[in-house]
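Quick note: the coordinates plus some simple rules give every number you see, no bench work behind them. Every value quoted in this text rests on a predicted model; they were computed, and no experiment measured them.
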Amino acid sequence: MNKKKKSTATPFLLGFISALILGWWIFPNIIFSKQEQPFNFSHKAHLEQLGDCSACHFYRDDGSFSGIPSLESCTMCHSEAITGTPDEKIFVDEYVKKNRQVPWKIYQKQPDNVYFSHIAHKKYECKTCHPDIGHSQTMPVYLVDKITGYTNYTMKMYKCERCHAKNHVSNACYICHK
C-alpha cells in the first residue's frame, strides 16, 4: 500500500509544483510587460524637502486632482540642476532645456467607463488606494498587462466595492460608471 501512495503522490506533487511555477512565474512574465520610467524619481527626497505631497499633487479649483505635476511645476525648483544626480541631469537636459513634458507612465490609469473623484475621497490617506511611495528612493516597477493595457497597480473594482460597503456608501453601478 505504501508503494501505491508514493506513486500517486509523486505525480500530484509534480503537477502541483508545475502549476505553481506556471501561475507565479511563467504566466505573469507572459502577460505583463516590464517598462521603464523616463528616469528615476525620489519621492523621499522631495517629501523631505517640501514636507507635504500637496506641494506637487493638489486639488484644482474645480475639485479635480492634478495628478502628475506639469513641467512648469517642476521648473519652479529645477530650472537648473540642484543635486547633480544622474536622474536630475536627465530631467534638466532632456525635459527642462527642451521644454518637454516628462512622459511618465501612469500606474493607476482608470478605465474609460469609470469616473473617480479624488475630492470625494480626500478624507482618506493616498496610500489607502495607492502604493505608499512617499518614502521611496526609487520608482516602483511598472508592469503593464499586454492584453488590457492596465498596470498591476490599477485599482480593482472589488477593492472599491469593499471600501464602499465598509463605509456604508452606495455600490450602485452609476456611482462610479458613467
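Adding -39500 (n - 2.57) for every DSSP H run of four residues or longer, then dividing by how many residues the chain holds, sets the calculated 222 nm ellipticity at -9500 deg cm²/dmol.
On the principal axes of its alpha-carbon atoms, the chain has extents of 77, 45, 29 Å, going from largest to smallest. Taking the chain as a Gaussian network, where each spring joins two C-alpha atoms under 10 Å apart, which residue of Ile68, Ile90, Ile17 fluctuates the most? Of the options given, Ile17 has the highest mean-square fluctuation. Helices assigned as whole DSSP H runs in the chain whose Cα atoms extend at least 20 Å along their own long axis and whose mean Kyte-Doolittle hydropathy is -0.5 or higher are found at 2-21.
Relative to one another, the C-alpha centroids of region 113-178 and region 14-90 are positioned 16 Å apart. Pairs from the table (Lys89/Lys178; Lys105/Lys178; Lys123/Lys156; Lys97/Lys122; Lys34/Lys123) lying more than 31 angstrom apart at Cα are Lys89/Lys178; Lys97/Lys122; Lys34/Lys123.
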